[in-house]
Amino acid sequence: VDLDRFKRINDTLGHTVGDNLIRSVAARLSHCVHRRGDRIDEFELARLSGDEFLIFLRHRQARREARVLAREIATELAAPFSSDGQELVLTASVGAAVYPDHGRDGESLLKAADVAVSMAKAEGRRTFRLYSRKMNARAMQRLSLENEIRLALENDHFQLYYQPKYRASDLKIIGAEALIRWFHPTRGEISPANFISVAEEGGQISDLTRWVVHQACRQVSQWQRSGLPVVPIAINLSPEDFLRDDPVAMVRSALSDARISADYLSLEITESALMRDTDRVKNLLDQLKQIGCALSIDDFGTGYSSLAYLRKFPLDMLKIDRSFVSDIATNEDAAAICSAIIAMGRALGLTVVAEGVETDQQLTRLQADGCDQFQGFMLSGAVPAELFMAQLMSQSPEGDAEAPVAPNVITLNPR
Ligand code: C2E
Ligand code: CA
Ligand code: CA
C-alpha cells in the first residue's frame, strides 16, 4: 500500500504533519485489517518505509481477499484527515502478489507487489492492481523511458512544434502553442501524452520544461533577428514545475539568454497545478505575471474548475477543454457548458480560447457565443517552426481585411 503523492505533503506542510498523517493512516489500515481478521487465517501489517505499508495475509482465496481488502482500504481512507484544523484527503495505490504464482519467496513476492503498485500509480493512482507477468515488461519499459528522456535531452532528439492560435472573428493567426515532439531513432514518434507523465513521475520534467522554454525563446529571437513577424508563444507548464522547481528563475533566464521581451511568452497551467499548495503557486504566478508573461488556465472544465481561483490567480486567458468543444455541435449539454464558460470568462475579463476545433459547425457556434480565439485541426495542427512561420507570413498584413486565411490552402507538408 503506497500513499499517493505523499512527498508533497512533507514538502508543503512539513514533516511533523507528514508524520502525524502516517500515524493516522496506520491506525486506519490496522482497523481495516483487523475487521477482516476473522475471515483471514493469519495477517500482519507493517510499515515498510516512508509512506509504504505492507499487508501480509494468508487466505485460501487470496486474490479475492486482496481485492476486497483494497476496496475497504480505499473506503477507509476516503474520509478526510484533519490536521491543525485543515482537512486533508489522502488516497493510496495498492498492489498485490500471490504465492506461489508470483514468487516463491518473500523477496520475489515483495518485488512483484511493488511492480503492481507502480502499475496502479501509472494508471492514475487511487486504485488496485494484482501483479501479472506482463506488468514486469511494462514497468521495465517505463524505467527505460525515463533513461531515454535523459538521453534524448542530451542528444537533442526533441523538437518543438507550433500550433497556430487564431482570432475567432477573422481567423488571423495571433499566436501559437509550443508542443513538444519526440522523434526516437528506433521507436519512432512518441506522443507527449505518453512521456510527459513519465517525466513528471521520474523527475525529468524540470529538464524538459527548461528545454522547451529556452527553445521557444531562442526561436522567437531567431525570427526577430531575421526580420520576420513574431507572435506570442504559449508554453505548457507541468504542475510539477511549480512544486519542485522555480519556474520564475527558469523563465527569467530563458528570456534574458534569448534577449526577448516577456510579451512574447505566455504560460499555460492546468487546474490541478492551481489546486495544490495554492499560496506557493499564487506567489509564483504573481511573479511570472510581474515579469510580463501572460497566464492561461489550460483544459478548463476537466478538473475541479473552482470558480474561486479564477479570481484568486492573476490569469489572462482561459482555454476550454477540447472534450466540450468536440461535442458542441451534437450535444446540447456540451454546447451549454461552452456558452457558459465563454460568458463567464469574458465577464471576468479573460480571453477565452477554444481548443480542438475540428469543424466549421464547431467554429460557428463558438463565434456566435463570443469566443475570442481558437486552435484546432480544422485550420492547423502543430507544425514545425518553419511551416508555422510560412503560415503566419501567408496571411494578410495587419489591417488588411482582404485575403483571409483560407483553410484549404494550408498544407501540413513543409514543401
Ligand atoms: P494540451 O496542452 O491540451 O495540448 C493540446 C493537444 O491537443 C496537443 O496534443 C495537440 O496536438 C492536440 N490538438 C490540437 N488541436 C486538436 C484538434 O483539433 N483535435 C484533437 N483531437 N487534438 C488536437 P499533443 O501535442 O499530443 O500534446 C498532448 C498533451 O501533452 C498536451 O495537451 C500537454 O498537456 C502535453 N504537452 C505537450 N507538449 C508539452 C510540453 O512542452 N510541456 C508540457 N509540460 N506538456 C506538454
Ligand atoms: Ca496546452
Ligand atoms: Ca489543453
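Tabulated data
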quantity: Residues located in segment 188-202, provided they are under 17 Å from ARG8 (Cα atoms) and not aliphatic (A, V, I, L, M); calculated: SER197, GLU200, GLU201, GLY202
quantity: Segment 232-263, subset closer than 16 Å to ASP11 by Cβ, part of a helix (DSSP H, G or I) and of a type in the set (Asp, Glu), residue nearest to ligand 2 (Cβ to nearest atom); calculated: ASP241
quantity: Output for segment 341-391, where each listed residue is among the aromatic types (Phe, Trp, Tyr) and under 23 Å from the mean Cα position of the chain (by Cα); calculated: PHE374, PHE377
quantity: Search result, residues across segment 61-109 that are open to solvent by 90 Å² or more (accessible area, probe 1.4 Å), part of a loop (DSSP other than H, G, I, E, B) and without any contact (Cβ under 8 Å) to a residue 12 or more places away in the chain; calculated: GLN61, VAL89, ARG104
quantity: The lone exception for VAL353 - which of (1) assigned to a strand (DSSP E or B); (2) surrounded by fewer than 22 Cβ atoms within 10 Å (Cβ to Cβ) it fails; calculated: (2)
quantity: Complete set of residues in segment 150-180 that are in contact (Cβ under 8 Å) with a residue 60 or more places away in the chain, more than 10 Å from ligand 1 (Cβ to nearest atom) and of a type in the set (A, V, I, L, M, F, W, C); calculated: ALA168, LEU171, ILE173, ILE174, ALA176
quantity: Residue in segment 195-205 that is of a type in the set (Asp, Glu), open to solvent by 20 Å² or more (accessible area, probe 1.4 Å) and within 16 Å of ligand 2 (Cβ to nearest atom) present; calculated: yes
quantity: The one condition in (1) on the phi > 0 side of the Ramachandran plot; (2) assigned to a strand (DSSP E or B) that LEU171 fails to fulfil; calculated: (2)
quantity: Any hit, segment 347-357, residues being farther than 22 Å from ASP207 by Cα, away from ligand 2 (no atom under 16 Å from the Cβ), hydrophobic (A, V, I, L, M, F, W, C) and touching a helix residue (DSSP H, G or I) at 6+ places or on another chain (Cβ under 8 Å); calculated: yes
quantity: Residues that are away from ligand 1 (no atom under 16 Å from the Cβ), within 16 Å of ILE291 (Cβ to Cβ) and either under 13 Å from the mean Cα position of the chain (by Cα) or touching a residue at least 12 places away in the same chain (Cβ under 8 Å) (or both), drawn from segment 254-279; calculated: LEU255, ASP257, ALA258, ARG259, ILE260, SER261, ALA262, ASP263, TYR264
quantity: Contacts under 8 angstrom Cβ, first residue in segment 22-50 being farther than 17 Å from VAL94 by Cβ, partner part of a helix (DSSP H, G or I), 6 or more apart; calculated: ARG39/GLU65
quantity: Cross-chain or 6+ apart pairs with Cβ under 8 Å, segment 235-249 first and closer than 12 Å to ARG280 by Cβ and within 14 Å of ligand 3 (Cβ to nearest atom), then open to solvent by 10 Å² or more (accessible area, probe 1.4 Å) and of a type in the set (Lys, Arg); calculated: PRO239/ARG276
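The values are calculated or read from the model by the stated rules, or taken from the named source; none is laboratory data. Computed from a predicted structure; not experimentally measured. Backbone-built Cβ (ideal geometry, glycine too); neighbour counts: all protein chains shown. Side chains included, ligands, DNA and RNA excluded: accessible areas come from the protein's heavy atoms. Shrake-Rupley method; radii C 1.70, N 1.55, O 1.52, S 1.80 Å.
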